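Worksheet for the structure shown next.
Taken together, the values in this text are just the output of simple stated rules run on the coordinates, not laboratory data. From a predicted model like this one, the values you see are computed outputs, not experimental measurements. Glycine gets a Cβ as well: all are built from the backbone with ideal geometry, and neighbour counts include every protein chain shown.
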């Protein structure tokens with residue numbers, strides 16, 4: 001039985017992956033912002049006989065403090081982690097800032113992935129064949145504004161998504177430098193895969209068989 005953490009696991013692709021690993025007999029911890037969706041996921045797992053292998057942690061992953069709290073909880077639940085799935089993202093048409101003063105898209109789409117990937121590296125390193133699965137669009141074909149990649153002064157919606165999304169390309173390999181014998185799989189949206197000018201075609205990353 002493998003241990004699996006799914007950030008953004010109460011809805012959409014994240015929930016589908018969490019259900020798939022539960023059906024395979026693995027132990028799954030999902031992180032989500034909506035307690036009602038989390039409870040619905042737990043109830044469905046109990047109904048399928050997987051109630052003893054499922055956990056839900058309510059958290060707003062756009063906050064650094066919440067990522068730190070989640071890391072502590074995961075560390076006590078899974079000393080050894082086989083798979084980290086990073087699905088959390090939320091589309092905001094209007095620029096907003098978190099309570100910690102960071103642009104929301106950057107904080108959730110990039111910074112949370114960075115913090116979870118690095119923070120869970122020790123637990124992943126203890127697994128025989130650890131995997132980080134980053135489910136994300138790689139942004140746009142535009143260059144990442146490195147001096148302002150946190151979108152501190154950016155009001156443009158495409159610029160915010162392009163900066164945060166493009167930055168996720170680099171978060172995985174950096175995290176994996178801390179994980180012995182690990183693999184990094186990136187799954188991109190169909191829209192991005194069809195764009196010949198996207199970073200996917202440049203660095204030759206694309207869909208791979210589902211880990212595990």
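Here are a few things to note about the model shown:
- Relative to its Kirkwood radius, the Cα radius of gyration of the stretch 17-115 gives an Rg/Rh of 1.00.
- At q = 0.14, 0.15, 0.17 Å⁻¹ the log10 of I(q)/I(0) for the stretch 56-108 amounts to -0.44, -0.49, -0.61, computed by Debye summation with a single uniform scatterer per C-alpha, solvent ignored.
- Taking the number of Cβ atoms within 10 Å of each Cβ as an exposure proxy, the fewest-first ranking of 46, 95 is 46, 95.
- Where labels lie 7 Å past Cα in the beta-carbon direction, separation of residue 48 and residue 118 in nm: 3.5
- Going by neighbour counts of Cβ atoms within 10 Å, the residues 112, 65 line up, fewest first, as 65, 112.
- For the peptides 50-58, 8-16, the ranking by mean Cβ contacts within 10 Å, running from highest to lowest, is 8-16, 50-58.
- Remark: C-alpha extents of the stretch 33-82 on the principal axes read 34, 26, 14 Å, sorted largest to smallest.
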